[in-house]
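The values are calculated or read from the model by the stated rules, or taken from the named source; none is laboratory data. Since this is a predicted model, take the numbers as computed values, not measurements. Reconstructed Cβ throughout: ideal geometry from the backbone, glycine too, with neighbour counts over all protein chains shown.
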Amino acid sequence: MSKRRLDLSGDAGDGLTHNPFAALRGGSPQPDAQGHGADLTAPPKSVEGEGEAAAELAGSDWLVRKERKGRGGKVVTIVSPRAGESEARLAEVARSLGQRLGTGARAKGGEIVVQGELSGRVRALLEADGARVTVGS
């Protein structure tokens, strides 16, 4: 008994009619109609409804640094205000950063802890909101 093989290349009339990987053959990094293939290193665009936390950052001063100690080898980004900020405001900024970055962010102990090594993207977002940012080590 012989097995019947189908031509899956999509070029023949009796093969598959849609190949989801066909766009990858061209090597084009251009996004398609749904936005797939966009540059993942660029800072994310703003999310609607977050303007309140972003508007309050104008003129504030922040320190952004990476930390690994005491976290099982995982790297997190720590965002610290230079001047004393209330926990409620830190929670708002953490929520805004977490939504815009697509990662976990929370206010803890007078600082914002963002999961992952995202200091460059955090800096870009804070500067876009009008804050002064210093990057530490």
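The sole residue among Arg100, Arg106 that is surrounded by fewer than 17 Cβ atoms within 10 Å (Cβ to Cβ), modelled with pLDDT of 90 or more and in contact with a helix residue (DSSP H, G or I) (Cβ under 8 Å, 6 or more places away or on another chain) is Arg106.
Taking Leu24, is it more than 23 Å from Ser119 (Cα to Cα) and either at pLDDT 85 or above or hydrophobic (A, V, I, L, M, F, W, C) (or both)? Yes: the conditions hold for Leu24.
Scanning the stretch 76-97 for residues that are touching a Phe, Trp or Tyr at 6+ places or on another chain (Cβ under 8 Å) and surrounded by 19 or more Cβ atoms within 10 Å (Cβ to Cβ) turns up Val79, Pro81. If the condition is being within 22 Å of Arg68 (Cβ to Cβ) and touching an Asp or Glu at 6+ places or on another chain (Cβ under 7 Å), then the stretch 88-132 contributes only Ala107.
Looking only at residues in the stretch 93-123 that are among the polar types (S, T, N, Q) and assigned to a helix (DSSP H, G or I), the one that is nearest to Val135 (Cα to Cα) is Ser119. Each residue in the stretch 56-92 was checked for being modelled with pLDDT under 90, closer than 20 Å to Ala128 by Cα and not in a strand (DSSP E or B), and 10 of them qualify.
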